[in-house]
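Only one structure is covered here, and it is reproduced in the block below.
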Amino acid sequence: MTDMKKIQRMGNIISRNSEMHKIFDLAIQASQSNIPILITGESGTGKSVLAEEIHLMSSVDGEFVSENCAAFTETLLESELFGYNKGAFTGANVQKNGLLQAANNGTLFLDEVGDMPLAMQAKLLCALEKKAVRRIGSSSWERTDFRLICATNKSLPELVEQKLFREDLLYRLRGIELRLVPLRERKEDIPLLLQHFLQNNPLVKRRKITGISREAQNIFINYSWPGNIRQLCHEFSLAIALKKSGNIIDADDLSYEIIGKNSPQYRTLKQAVVEFENRYIEQTLKIVRGNKSKAAGLLGISRRCLYYKIGVS
């Protein structure tokens, strides 16, 4: 029987893992200050979810503004973050405020900050030190004040050693560092997460799914989950989508990557098509560095359809 005393929740994040509990406690403390926060951890561990929960717990009045630094070229990232004046470059037909201004009195979340180009790092550092922003094409600075949360799946100290990340910016970003634990090191959380998916995944009601068999749950628990919670959520959605009959998810509903049957003779045509589609989507997302709008365009589907297929609500 689950010992509910060992379970802690922070908004939409739930865990029985003691290291995650320490992260919760530190995040709650950090949310009540304006100190910059750096969230580290592997892809799929929930860094953006934690950032938004910190914002919701804080006392800031403004909005939660987020951007993925890996999704843009240096020029586009600069215009997104700093904005531009009318006529600053070809196509700049109106004045546009950047995200640093949009986050005023709120929270600015920069995901994959380790992928930010060096030149942009210098401009960001200058803006943070001045607490002001200068739009492209402008000669004046405008004050902006926001909580800064950054996230990365890379080792920023290693990037500093490789001269790919500014050491002074690292010190500025790493006021408090929160390292999210990979799913393979917190397997006690997998049953909790599966129960959460059962209660919140819209496919569950549509397919009238009521539970998960013990055998299927053991397979979920024993898998290594290199893609962490994102992969677990995707696998759960895939199992529901492929289910032929019954209202319990069992071992036969899981993909062969998870249950270890790699021979094509075990796949139905529907399973093979779905698994190919999933791999193709993953490869496309890698090519466009996680930019879902670009990925949807290349795949010829809507962004909403892409979110549905990768299990994002």
Is the range 206-213 home to any residue that is in contact with a Ser or Thr (Cβ under 9 Å, 6 or more places away or on another chain), surrounded by fewer than 17 Cβ atoms within 10 Å (Cβ to Cβ) and of a type outside the set (A, V, I, L, M)? no
Could you list, in sequence order, the residues of the range 12-32 that are surrounded by 15 or more Cβ atoms within 10 Å (Cβ to Cβ) and over 12 Å from residue 179 (Cβ atoms)? 13, 14, 15, 16, 17, 21, 24, 30, 31
Being in the same structural domain as residue 153 (by TED's automatic domain parsing), out of contact with any Lys or Arg (no Cβ under 7 Å at 6 or more places or on another chain), within 23 Å of residue 129 (Cβ to Cβ) and touching a residue at least 24 places away in the same chain (Cβ under 8 Å) is the requirement here; does residue 101 meet it? yes
Look through the range 84-134, keep the residues that are more than 24 Å from residue 41 (Cα to Cα) and hydroxyl-bearing (Ser, Thr, Tyr), and return whichever of them is modelled with the highest pLDDT. 84
Has the range 181-191 got any residue that is part of a strand (DSSP E or B), free of Cβ contacts under 8 Å to residues at least 60 places away in the same chain and not aliphatic (A, V, I, L, M)? no
For residues in the range 31-69 being closer than 22 Å to residue 171 by Cβ and of a type in the set (A, V, I, L, M), which is modelled with the lowest pLDDT? 35
Of all the residues that make up the range 276-296, how many are touching a Lys or Arg at 6+ places or on another chain (Cβ under 9 Å) and surrounded by 16 or more Cβ atoms within 10 Å (Cβ to Cβ)? 8
In the range 33-120, which helices (runs of 4 or more DSSP H) lie fully inside it and hold 2 or more residues that are buried (at least 17 other Cβ atoms within 10 Å of the Cβ) and over 18 Å from the mean Cα position of the chain (by Cα)? 74-82, 99-102
Residue in the range 160-177 that is touching a residue at least 12 places away in the same chain (Cβ under 8 Å), under 16 Å from residue 42 (Cβ atoms), crowded, with 16+ Cβ neighbours inside 10 Å and within 23 Å of the chain's Cα centre (by Cα) present: no
What residue, among those in the range 1-32 that are out of contact with any Ser or Thr (no Cβ under 9 Å at 6 or more places or on another chain) and in a loop (DSSP other than H, G, I, E, B), is nearest to residue 156 (Cα to Cα)? 17
From 151, 127, 132, residue being more than 21 Å from the chain's Cα centre (by Cα) and closer than 15 Å to residue 110 by Cβ: 127
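Yes/no per residue for (1) within 25 Å of residue 23 (Cα to Cα); (2) in the same structural domain as residue 119 (by TED's automatic domain parsing):
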| residue | (1), (2) |
| --- | --- |
| 155 | yes, yes |
| 159 | yes, yes |
| 167 | yes, yes |
| 173 | yes, yes |
| 194 | yes, no |
| 200 | yes, no |
| 205 | no, no |
| 221 | yes, no |
| 244 | no, no |
Out of the residues in the range 18-68 that are charged (D, E, K, R) and in contact (Cβ under 8 Å) with a residue 60 or more places away in the chain, which is nearest to residue 151 (Cα to Cα)? 47
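The values are calculated or read from the model by the stated rules, or taken from the named source; none is laboratory data. Just so we're clear, the structure is a prediction, and the values are computed from it rather than from any experiment. Every residue, glycine as well, gets a Cβ built from its backbone with ideal geometry; the counts of neighbours run over all protein chains shown.
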